[in-house]
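Data block below; observations after.
The values are calculated or read from the model by the stated rules, or taken from the named source; none is laboratory data. Bear in mind the structure is a predicted one, so any value in this text is a computation, not a measurement. Glycine gets a Cβ as well: all are built from the backbone with ideal geometry, and neighbour counts include every protein chain shown. Only protein heavy atoms, including side chains, enter the accessible area calculation; ligands, DNA and RNA are left aside. Shrake-Rupley method; radii C 1.70, N 1.55, O 1.52, S 1.80 Å.
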Amino acid sequence: METRWFLSKIQDDFRGGKINLEKTHRLLEKLDIRCSYIHVKNIFKTSDYPVVLSLENHCSPAQQEVMADNLQTTFGESLLSDMLDDFPDTLPSPEALKFKVLVKNKKIGTLKETRERKGSDKRGDNQDKETGVKKLSGAMLFKKKKIRKLKISLALSDLVIYTKAEKFRNFQHSRLYQQFNENNSIGETQARKLSKLRVHEFIFHTRKFITRIYPKATRADSSNFNPQEFWNIGCQMVALNFQTPGLPMDLQNGKFLDNGGSGYILKPHFLRDSKSDFNPSNIKESMPITLTIRLISGIQLPLSHSSSNKGDTLVIIEVFGVPNDQMKQQTRVIKKNAFSPRWNETFTFIIHVPELALIRFVVESQGLIAGNEFLGQYTLPLLCMNKGYRHVPLLSRMGESLEPASLFVYVWYIR
């Protein structure tokens with residue numbers, strides 16, 4: 001599942017009883033959506049599949065009621081406010097949730113209790129939810145656990161159906177107590193540690209529960225981590241800082257070219273099968289693919305900032321996937337020709353887990369002093385590559401098309 005959801009930091013603003021929505025990225029601006037509200041028709045412009053609205057909620061209960069009213073008024077029938085009759089105790093498929101908006105937030109009680117309250121007046125009705133917060137007390141050398149109570153409005157709580165935010169404790173606790181509609185958010189540092197020490201438990205966890213990985217708080221510059229390591233263990237939502245271009249966002253955009261760019265991809269069978277003992281760092285059984293790419297030529301490649309169309313161009317072909325599959329190969333440098341360089345070089349890759357592999361083409365202009373200059377790139381899933389003679393379009397660092405710039409290649413693979 002792609003992180004095709006809107007994260008809004010919501011805080012109290014008592015002037016006029018309104019709520020201040022601070023957008024954390026510019027996705028809404030790209031969709032021509034005003035900051036004060038969201039048009040449903042724009043949300044489903046590129047995909048019919050559900051959108052998860054994840055709320056970072058810092059509001060008082062009274063303001064949460066205002067928020068709940070705003071959500072219902074804005075989204076209307078598109079807002080999922082009750083469980084589906086066919087899915088009372090299991091998660092529905094994205095197909096069953098087409099054109100629906102799901103709210104991800106803390107929740108009080110069960111889905112059955114939510115249905116029983118449907119239609120009743122919930123104004124002024126709120127409950128406490130205890131959360132454990134570790135806090136260093138004075139000069140003590142140990143951490144003391146402080147219990148903090150969060151007040152949650154039932155009006156907002158009852159809008160949370162299949163995406164209840166629940167604190168992750170450990171895998172054993174999740175197996176014993178976590179409900180099917182409870183989702184976990186795990187920081188990248190903790191997730192990376194768990195993926196190395198308890199990889200089988202982690203994959204088992206992602207088979208049962210929607211799991212979101214988010215960047216660590218110390219990334220003050222909004223940098224990103226490599227999402228591939230968490231896709232390898234089945235994490236459904238790998239959250240990135242969309243405002244920061246670079247390799248992680250190239251992988252993100254390339255990954256979700258699959259399935260028509262709908263924002264949802266079916267995980268490979270070995271990440272869904274409860275009997276599978278898949279470990280991305282220790283592949284025991286596989287059916288590898290031998291991929292052959294003949295890089296023939298470039299067509300009207302982007303100009304270097306430091307030169308004209310006489311740049312010294314080269315192409316790097318990278319493979320991202322499980323650790324054993326990650327590799328890259330590079331063409332020779334074509335001197336003083338960025339308009340129509342000809343390489344006619346052949347590269348061969350043996351890929352053990354093609355279902356998780358991404359292929360990235362990177363075009364650079366050689367720089368002996370300041371280093372190579374990025375000119376363009378294109379990333380796509382290995383199994384989305386068609387065989388034969390193909391044109392590979394190039395994208396800028398910001399992900400914008402550089403048409404007519406492209407690479408002319410011949411692709412072949414056998415299993």
Net length gained if the chain between K112 and K267 were fully extended (0.36 nm per residue, minus Cα distance): 52.8 nm
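State which entries of K45/K118; K284/K387; K208/K387; K100/K387; K193/K328; K208/K328 exceed 32 angstrom in Cα-Cα distance in the structure shown. Before the final figure, lay out the partial values.
Numbers: K45/K118 30 Å; K284/K387 28 Å; K208/K387 36 Å; K100/K387 37 Å; K193/K328 26 Å; K208/K328 35 Å.
Checking Cα-Cα distances, K208/K387; K100/K387; K208/K328 exceed 32 Å.
For the stretch 299-407, what is the convex hull (Cα atoms) projected area averaged across all directions, in square nanometres?
Details: hull surface 29.2 nm².
Value for the stretch 299-407: 7.3 nm².
Order K112, K107 by their accessible area, 1.4 angstrom probe, all chains in place, largest first.
Numbers: K112 140, K107 0 Å².
Order by accessible area, largest first: K112, K107.
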Could you tell me the relative contact order of the stretch 167-278? Use alpha-carbon pairs under 8 Å, at least six residues apart, and round to a whole percent. 23
Expressed in nanometres to one decimal, the distance between label points 7 Å along Cα→Cβ at K216 and R415 is 3.7
Plugging the Cβ-Cβ distance of E56 and S78 into 1/(1 + (r/R0)^6) at R0 = 25 Å yields, to the nearest 0.05, a FRET efficiency of 0.70
Over all Cα pairs of the stretch 150-229, the Kirkwood radius sets Rh, and Rg/Rh then becomes 1.01
Once the in-chain neighbours fewer than 8 apart are removed, the aspartates and glutamates whose Cα is under 16 Å from K122 read E65, D69, D82, E113, D158
